[in-house]
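These notes are about the structure you will find just below.
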Amino acid sequence: MLKLGVLASGRGSNFQAIIDSIEAGRLNAEIKILIVDKANAYAIERAKKHSIEYMYIDPSKFSTKEDFYLEIANQLKKREVELVLLAGFMRVVRKPLLDAYPNRIMNIHPALLPSFPGLHGQKDAVDYGVRISGCTVHFVDEGVDTGPIIIQAAVPVSPDDTEEILSQRILALEHKIYPEAVKLYSEGRLKIEGRKVKILDYKLPDNFIINPPIS
Ligand code: GAR
């Protein structure tokens, strides 16, 4: 069974989506630990409710960011975590953790990368006036939201959308594609070739979106 470690900073609804997939028997995995960088992260409540070990690691207690990530890597390794999931973890991962888990860290981002990387993917999409946005699950490398893409899902955007409305629309799909990406990994179906992630037994879907629809 795949051993997961989850890193979060806040609400943790993506963490919950992974928990739900495991509990529903859709994902053959076990969450060994939740690590948060904020003492009041709501994700902690979810961990408690599902009897998952959790740990708050205070970044201000470390003299360098590298030391902070080394501590995270050590805690994950101690629990034999095999795959690390960033679930609303609002920090750029540094070398000690990347070196400990090469191509074994995933992130969910609320935009269609490489558009709108960074902390405000939904607001940046609304402000830009795009017609389609969405979410991306990708492997994490040393850049900001630049690693090889595993799954993307698209949603339409209305010129009247607020950041909050678009965020909700995207979030519903985040909760679907993140567990799916982890499932593909757990089945050994993901192979990274340079920038590309090949998926074993992959079938091209025939659905797509045109927004506004053509009459
Ligand atoms: C999600 O929308 C996630 O995609 C985003 O933060 C939210 C966390 O929600 N992540 C980023 O913007 C990373 N750059 P959650 O805590 O309920 O999962």
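Of the residues 177, 210, which is open to solvent by 50 Å² or more (accessible area, probe 1.4 Å) and out of contact with any helix residue (DSSP H, G or I) (no Cβ under 8 Å at 6 or more places or on another chain)?
Checking each option against the conditions leaves just 210.
When region 113-145 is examined, which residues are found to be assigned to a loop (DSSP other than H, G, I, E, B), away from the ligand (no atom under 12 Å from the Cβ) and within 25 Å of residue 183 (Cβ to Cβ)?
If the condition is that a residue be assigned to a loop (DSSP other than H, G, I, E, B), away from the ligand (no atom under 12 Å from the Cβ) and within 25 Å of residue 183 (Cβ to Cβ), then 114, 141 are the ones that fit.
List pairs: first residue in region 5-26 and among the β-branched types (Val, Ile, Thr), second residue within 7 Å of the ligand (Cβ to nearest atom) and open to solvent by less than 10 Å² (accessible area, probe 1.4 Å) anywhere in the structure, Cβ distance under 6 angstrom, at least six positions apart or on different chains.
6/15; 6/87
Could you check, for region 126-140, whether at least one of its residues is within 26 Å of residue 6 (Cβ to Cβ) and open to solvent by 50 Å² or more (accessible area, probe 1.4 Å)?
The answer is no; no qualifying residue exists.
The values are calculated or read from the model by the stated rules, or taken from the named source; none is laboratory data. For clarity, every value in this text was computed on a predicted model and none was experimentally measured. Positions of Cβ are generated from backbone atoms using ideal geometry, with glycine treated the same way; all protein chains shown enter the neighbour counts. All accessible areas refer to the heavy atoms of the entire protein, side chains included, with ligands and DNA or RNA removed. Shrake-Rupley method; radii C 1.70, N 1.55, O 1.52, S 1.80 Å.
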